[in-house]
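Below is one structure, written out as structure tokens; the observations come after it.
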Ligand SMILES: *Cc1c(COP(=O)(O)O)cnc(C)c1O
């Protein structure tokens with residue numbers, strides 16, 4: 001007889017998700033998720049929910065692109081769909097300024113590699129047709145960098161992360177789009193960290209033909225739901241010409257279940273794969289929340305709360321090197337330099353979920369996704385200050401309090 005091992009039920013605690021992502025899933029999203037009945041993926045209300053979500057997603061992205069929908073899974077699932085148009089031998093320029101644009105580059109190198117190039121280094125191919133432009137950690141991809149690289153290489157595709165979450169840097173989307181237009185290049189943008197946080201409309205960036213985001217960051221919808229994507233007619237025309245070697249992550253085929261057929265909206269979707277009523281309900285509610293709050297309001301709230309957190313950690317002697325509004329990436333005060341991992345691990349052991357950087361150099365990352373209130377920021381600042389003291393660091397608490405008072409005077413009481 002073989003022994004059967006049954007573990008006790010899995011309990012996962014509630015933590016303060018103060019990292020770069022996942023963000024704090026909204027309670028309304030969780031209620032929608034748990035409240036959906038069991039219904040199959042061709043039930044009329046599930047299909048209607050998908051068609052409505054498609055419509056709301058176009059408003060959130062700011063686009064008339066018909067091929068706008070959600071890809072089941074995480075950010076990388078949406079990115080994989082977007083990069084599916086990149087075929088072996090395609091010329092591509094990829095801008096790399098951190099962990100995530102680095103992985104975007106790896107994905108593109110895998111797709112653009114010829115069979116021989118892939119077999120030569122299956123997990124890290126170096127195809128001759130792909131040029132990676134490395135921008136140092138902590139710096140942004142500028143209009144000048146994008147312009148110079150596209151002028152020189154004139155590739156078919158160019159790839160950039162809008163907000164590089166690894167180093168907390170905003171890259172120049174306007175400059176990237178303009179350079180793509182000028183050189184006839186098709187731009188592909190990783191907007192995983194910016195959608196739902198920044199106030200932008202993708203139709204205002206005509207150089208970009210494909211966009212991909214995620215459920216877990218600005219859209220506040222972690223329960224494995226949908227990674228938003230959007231493609232222009234030009235992208236779809238190119239894909240129809242070359243084809244792509246994937247059924248599930250094929251933008252044209254995936255779109256069918258969302259009621260997009262032959263480039264047009266149809267009343268209801270047709271089978272592509274099994275969608276979850278729970279996921280559809282949760283995603284639908286997350287989009288409703290985003291539109292009810294308004295992107296402009298949300299973007300302003302992020303900027304305000306990030307400024308308070310930034311100034312508070314600077315008052316503790318930290319140096320902030322990021323410029324995203326959902327995330328602060330910092331160096332510890334000089335006397336604690338080199339102890340970043342230790343500090344992060346201490347915090348995580350107390351369910352205060354901050355993060356280190358995932359590629360060199362080691363820095364601390366503190367995020368505020370869906371933590372847009374004075375009480376949450378004050379709590380983060382208090383816990384982070386304690387973590388510095390626990391390592392033997394010292395700072396002037398009255399200076400930190402003064403920052404919080406200046407930003408939040410009256411707000412705490414009002415909350
Ligand atoms: C988080 C992130 C990803 C990966 O998203 P997952 O949801 O973990 O798959 C990709 N790109 C950027 C810029 C990100 O911030």
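Name the residues in the stretch 195-248 that are in a helix (DSSP H, G or I) and either within 14 Å of the chain's Cα centre (by Cα) or within 16 Å of the ligand (Cβ to nearest atom) (or both), would you?
Within the stretch 195-248, 202 is the sole residue that qualifies.
For the stretch 218-239, a tally of residues being in contact with a strand residue (DSSP E or B) (Cβ under 9 Å, 6 or more places away or on another chain) and at pLDDT 95 or above returns 13.
Table: residues versus (1) without any contact (Cβ under 8 Å) to a residue 40 or more places away in the chain; (2) closer than 30 Å to residue 383 by Cα; (3) within 16 Å of the ligand (Cβ to nearest atom); (4) in the same structural domain as residue 358 (by TED's automatic domain parsing).
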residue	(1), (2), (3), (4)
11	yes, yes, no, no
15	no, yes, no, no
19	no, yes, yes, no
51	no, no, no, no
81	no, no, yes, no
87	no, no, no, no
95	no, no, yes, no
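If the condition is being within 16 Å of the ligand (Cβ to nearest atom) and outside any helix (DSSP H, G or I), then the stretch 104-131 contributes no residue at all. So, residue 201, is that one surrounded by fewer than 24 Cβ atoms within 10 Å (Cβ to Cβ), under 24 Å from residue 301 (Cα atoms) and modelled with pLDDT of 95 or more or not? Considered against the rule, which asks whether it is surrounded by fewer than 24 Cβ atoms within 10 Å (Cβ to Cβ), under 24 Å from residue 301 (Cα atoms) and modelled with pLDDT of 95 or more, residue 201 comes out as yes. Of 167, 101, 140, all but one fail to be part of a loop (DSSP other than H, G, I, E, B), within 16 Å of the ligand (Cβ to nearest atom), assigned by TED's automatic domain parsing to the domain that holds residue 205 and closer than 24 Å to residue 206 by Cβ; the exception is 140. Looking at residue 77, is it within 16 Å of the ligand (Cβ to nearest atom), under 25 Å from residue 366 (Cβ atoms) and in the same structural domain as residue 122 (by TED's automatic domain parsing)? Criteria not met by residue 77.
The values are calculated or read from the model by the stated rules, or taken from the named source; none is laboratory data. Owing to the predicted nature of the structure, the values given are computational and were not obtained by experimental measurement. Methodologically, a virtual Cβ is constructed for each residue, glycine included, from the backbone with ideal geometry; neighbour enumeration extends over all protein chains shown.
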